[in-house]
Amino acid sequence: MKKYFLIVFILTSSVLFYSCKDAITGSAAANVPPNTRLFLYPDSDISKQPSRLKVHWWGDDPDGLIVGYYFSWDGANWSFTSKNDSLFALQIGANDTSYIFRVAAADNGGNFSYDAQIIRGGINFGPEPFIDANGNGVYDAGEKYYDIGLVDPTPAELKFPIKNSPPVLDLDSVTVIPAQSFPVITLKWNASDADGDASISAIRIVLNDTSASSSIVNLGGGTRLVTLRANNFASATTSADILIDGAEFNIFPQKLNGLKLDDFNKVYIQAEDISGARTPWIEIPGAGKTWFVRKPKGNFLIVDDYATNDAAADFYMQKFNSLRSGALNGKYDILQISGTKPPLFNYDFLLTLKLYKTVFWYTDFNPSLTIATGNVNRYLDAGGKIMFSMQFPRTPIPDILTLKEFLPVDSLSRLISSISGNSDIFVDNTIPENAGFPALKTSSSIIGVFGTYPSSAGRGVYKHNSMPGYAGFISNRKDLFFMSLPLHRLDGGDANVSALLEKILFDEFGLIP
């Protein structure tokens, strides 16, 4: 029995052996090119697409693997990617337009060597893509490359009708236009575009007349805030500098013409995109509205930081009108800043101060310290000169670090009367003469008195006998005078406030009306 099985095994093995020696007949199957499909996801409606769209594609190869895809927007220039999708930003023309996107899958049936040129089906796809490890821009031996075999001879294609979305422009709510202003005004707006904010090519701005095309200024498309400032007042109509983001170091090269002084004005703003599509003109301060632009009367500005309703304003106007035989009469302006400031006030305030050589700033117990800390030294550094009659809050007492931001002081002391327990100076108290300054006398009681100790950058000139520190001091540069008492309550006795104002403004500051 065992012998029988051995014979069968030998015969079977012989048949198999001779069968394996038979030659393979016929030809090897040719490599079949891949197929490509593409689609939009999730929106299948391509009747109108925005200028930014995401396209997806895939490929299948019946006898191999897909190594990547070639795609083109013009049918001539092809790019390679191993990904199955991409986000494209399409250039918008003057009108709605169409693009044809083509994509062709490539399989792995390459020739196992790097090819400097891939031509398939009469299309030149360029050199085989590779990983440029050394960054020299050319293929070097050993660098990884995609060994391209066949490429889909009928690339998948899809026509994309691209609809231009016009920009949108509106005035930002922080832009508050007063009924009247000096020739300094800050404007802020919002602008956007569904095709991407970068497609906004220009912000167009003009004063008073949109039909005056030569007066329209095209700002950069990214501009969202400007300050308009005029400083030439020789004629009734002038031009304004355009300060981008309100910055004096970033003034637009072209001026905005047509600003009417001592007259009513309007600003028009419009956004334009790269296709030439424009928003309607926005009218500032509003449709059918204007605002009055005041021409500076001279070199002197009064900053009224007095919120309570008393005779302070009338007092100072009477004094300034009579100084040096009326030298300032009709040659100064008043800027009221007490209370709530509009959101963009800080942009305008410093530039308004700079329209004048000299400033007189008077306050009640609630001075605008934040405004002072951010602007006074910058005004002085620009060559301005400023005189203060500033009272401090009784509670909370201002921080000395805040005061040092705009005053040359080392410390602050509060007067506490041993008689009343209050920090008051009563009527007919003399603030004695010092260093050639006229003596002053209280014409009414002053409550909440503080004394200051000037730093080495200033010297004290007024000191009450019972008062710690100084009531008044002048800077060594003679560009700042500070009085911690209200001058309109120091005109008793010989009524020397006029003499003090003349000494500071004309003699120390050199004011020329």
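The values are calculated or read from the model by the stated rules, or taken from the named source; none is laboratory data. Source: prediction; values computed, not measured. A quick note on method: Cβ atoms are made from the backbone with ideal geometry, for glycine too, and the neighbour counts reach across all protein chains shown. Ligands, DNA and RNA are excluded from the accessible area calculation, which covers all protein heavy atoms including side chains. Shrake-Rupley method; radii C 1.70, N 1.55, O 1.52, S 1.80 Å.
Things to note:
- 3J(HN,Hα) along segment 290-306: 9, 9, 8, 9, 8, 7, x, 7, x, 9, 10, 10, 9, 9, 8, 10, 10 Hz, from the Karplus curve 6.51 cos²θ - 1.76 cosθ + 1.60 with θ = phi - 60°, whole Hz, x for Gly and Pro.
- Note on the chain: dipole from Cβ charges, positive end direction compared against V67, Q336, I431; the farthest Cα belongs to I431.
- Protein heavy-atom surface of the chain, 1.4 angstrom probe: 53% of the accessible area is carbon and sulfur, with nucleic acids and ligands not counted.
- Integer Hz, Karplus 6.51/-1.76/1.60 couplings in order for segment 52-64, x for Gly and Pro: 10, 8, 10, 10, 10, 8, 7, x, 9, 10, x, 9, x
- Estimated inter-spin distance, N321 and L87, nm [label 7 Å along Cα→Cβ]: 6.7 nm
- Taking a straight line from the alpha carbon of K289, these lysines sit under 27 Å away, with near neighbours fewer than eight places off in the same chain left out: K188, K255, K260, K266, K297, K341.
- Packing around the peptides 55-67, 261-273, taken as the average count of other Cβ atoms within 10 Å per residue, puts them in this order, highest first: 261-273, 55-67.
- Rounded to the nearest 10 degrees, the angle from helix 312-322 to the longest Cα principal axis of the chain is 70 degrees.
- Here segment 371-513 is treated as an ellipsoid with the same Cα gyration tensor; its semi-axes, largest first and in whole Å, are 24, 20, 12.
- Rounded tilt (10° steps) of 2-20 against the dominant C-alpha axis of the chain: 70 degrees
- Estimated FRET transfer efficiency when R0 is 25 angstrom, pair K144-K54 (beta carbons, to 0.05): 0.35
- Inter-label distance, V168 to S338: 4.3 nm, where each label sits 7 Å from its Cα along the C-beta direction.
- Under the shape rule built on the C-alpha gyration tensor, where the axes satisfy a ≥ b ≥ c, segment 113-240 is prolate, since a/c reaches at least 1.5 and a/b is greater than b/c.
- Rounded tilt (10° steps) of 369-381 against the dominant C-alpha axis of the chain: 90 degrees
- Exposure ranking of S484, S79 by accessible area [1.4 Å probe, largest first]: S79, S484
- Counting only DSSP beta bridges with both residues in segment 233-364, the antiparallel share comes to about 50 percent.
- Dimensions (Å) - the chain, Cα atoms, principal axes, largest first: 147, 68, 38
- Estimated [θ] at 222 nm from DSSP helical runs (n ≥ 4, -39500 (n - 2.57)) normalised by residues in the chain, nearest 500: -3500 deg cm²/dmol
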